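Peer 1: There's a structure below that I have some questions on.
The values are calculated or read from the model by the stated rules, or taken from the named source; none is laboratory data. Being a predicted model, the structure only gives us computed values, none of them experimental. Note that we place each Cβ from the backbone using ideal geometry, even for glycine, and neighbour counts take in every protein chain shown. When the accessible area is computed, the model is the full protein with side chains, heavy atoms only, and any ligands, DNA or RNA have been set aside. Shrake-Rupley method; radii C 1.70, N 1.55, O 1.52, S 1.80 Å.
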Amino acid sequence: MKILVTGAGGMVGQALNQYCALAGDEVLTYDHRALDIADTDQVKAAILSATPDAVVNCAAWTDVDGCELDPARAQAANATGPENLAKACRLVNAGFVTISTDYVFDGQKEGFYTQRDDPNPQSVYAQSKLEGERRSQLAYARTIVVRSGFIFGPGGKNFLSTILDRAHRRESLKAIGNAYGTPTYSRHLAARLRDLAQLDLPGIFHVVNAGNGVSYEEFARAALDRGGYEAETLETIDQDSLNRPAPRPRNSRLKCLFSEAVGLPALPFWEVALKDFVGSYYLADKAGPR
């Protein structure tokens, strides 16, 4: 396939570029400096020039608290941007896949959120991402929305890499014990994004690694244990104690109703993904635990 990737400088964008290149695809990559997806004319020109088979949008403004303080920027990046891409894809008859978030749910449900659950975003970030989902789908019938969360992997800052970096520097460690999600490895997410681009079946898919989901604290302890660090140094905190500008859901665990029905097997368990990340990527770049 000829695939155009936006947000290619980010963690998921890098993983997707690498995966598609190894699969033999022609990959056209654009980071924010090369393509501002909120700029309608830029987007249209880039896609008309490239005429890709599919566009995968990994671009977003994911600073949850930043979005709360600057709703206009959040709307531009997370709602207008995907809509612009969807409209441009329609002009060249290209498939379109865009990444959304588990935060579109309010977190009040027990268990897993599926596509049958109604979104109820509580933050500006989540509202802008849900708006991006809906605008894209209205603009182009071939839109595929991928909701994910607790994403970790090489090539970018995320909760897990921050915990490991702080542990390596022997700094104090804290993690929330009463907020839960389903971890997603960027390499596995990238593979599924390409699967969905090939499948070209419009709709909403929840893409996370298999498993029951974990709290931030449990996720951090598992990573510390795998990296050979002392998990006893981790302090458990309450989500509300942080007093952050934007609210977060207490439970954002995801499960997909459709993937296996359309021939897409479950992703590996998150514990397997964690082992691969810590062993193959993180520790390879460090002197090792002290």
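Peer 1: What does the helix-only formula give at 222 nm for the chain: each DSSP H stretch with n ≥ 4 adding -39500 (n - 2.57), the total divided by the residues, and the result rounded to the nearest 500 deg cm²/dmol?
Peer 2: Working: 10 runs with 105 residues, N = 290.
Result for the chain: -11000 deg cm²/dmol, rounded to the nearest 500.
Peer 1: Once ligands and nucleic acids are excluded and a 1.4 Å probe is used, how much of Ser172 is accessible, expressed in Å² to the nearest 10?
Peer 2: Ignoring ligands and nucleic acids, Ser172 comes out at about 80 Å².
Peer 1: While we're here: Can you compute 3J(HN,Hα) from phi for each residue in segment 123-140, using the Karplus curve 6.51 cos²θ - 1.76 cosθ + 1.60 with θ = phi - 60°, rounded to whole Hz and x for Gly and Pro?
Peer 2: Couplings: 10, 4, 4, 5, 5, 5, 5, 5, 4, x, 4, 5, 5, 4, 5, 5, 6, 8 Hz.
Peer 1: Rg and Dmax of the chain, using alpha carbons, in Å: what are they?
Peer 2: Answer for the chain, Rg first and Dmax second: 18.5, 56 Å.
Peer 1: Step by step: find N for segment 122-195, compute 2.2 N^0.38 Å, then divide the Cα radius of gyration by it. What's the final number?
Peer 2: Details: Rg = 16.1 Å, N = 74, 2.2 N^0.38 = 11.3 Å.
The reported ratio for this selection is 1.43.
Peer 1: What share of the DSSP beta bridges in the chain is antiparallel, in percent to the nearest 5? Intermediate values should be presented prior to the final figure.
Peer 2: Numbers: 2 of 35 bridges.
So the antiparallel bridges amount to about 5 percent of the total.
Peer 1: Give the accessible surface of segment 125-200 per residue, rounded to a whole number of Å², with probe radius 1.4 Å and ligands, DNA and RNA excluded. Provide the component values of the computation, followed by the final result.
Peer 2: Details: 2740 Å² over 76 residues.
Per residue, segment 125-200 has an accessible area of 36 Å².
Peer 1: Moving on to the next point. Val12 accessible area, nearest 10 Å², 1.4 Å probe?
Peer 2: We get 20 Å² for Val12.
Peer 1: Using θ = phi - 60° and the Karplus curve 6.51 cos²θ - 1.76 cosθ + 1.60, what whole-Hz ³J(HN,Hα) does each residue of segment 99-108 get, with Gly and Pro shown as x?
Peer 2: Values per residue, Gly and Pro as x: 8, 10, 9, 5, 6, 5, 9, 7, x, 7 Hz.
Peer 1: Sorted by accessible area (1.4 Å probe), largest first, how do Thr101, Thr236 line up? Can you show the working numbers first?
Peer 2: Details: Thr101 10, Thr236 70 Å².
Result, largest first: Thr236, Thr101.
Peer 1: Using +1 at the C-beta of Lys and Arg and -1 at the C-beta of Asp and Glu, which of Leu35, Gly227, Ser49 has the Cα lying farthest in the positive direction of the dipole of the chain?
Peer 2: The listed residue farthest towards the positive side: Ser49.
Peer 1: How big is D for segment 218-270, in µm² s⁻¹ as a whole number, if Stokes-Einstein is applied with the Kirkwood radius of its Cα pairs at 25 °C and 0.890 mPa s? Walk me through the numbers on the way to the answer.
Peer 2: On the way: Rh = 14.8 Å.
Rounded, D is 166 µm²/s.
Peer 1: From the convex hull of the Cα coordinates of segment 1-91, what is the mean projected area in square nanometres? Please report the intermediate quantities before stating the final value.
Peer 2: Values: hull surface 21.9 nm².
Orientation-averaged projected area of the Cα hull: 5.5 nm².
Peer 1: Just the accessible area for Asp240, please: 1.4 Å probe, Å², rounded to the nearest 10?
Peer 2: Surface open to solvent at Asp240 totals about 100 Å².
Peer 1: Once phi is turned into ³J(HN,Hα) by the Karplus curve 6.51 cos²θ - 1.76 cosθ + 1.60 with θ = phi - 60°, what whole-Hz value does each residue of segment 193-199 show in order, with x for glycine and proline?
Peer 2: Each residue of segment 193-199 in turn: 4, 5, 3, 5, 4, 5, 5 Hz.
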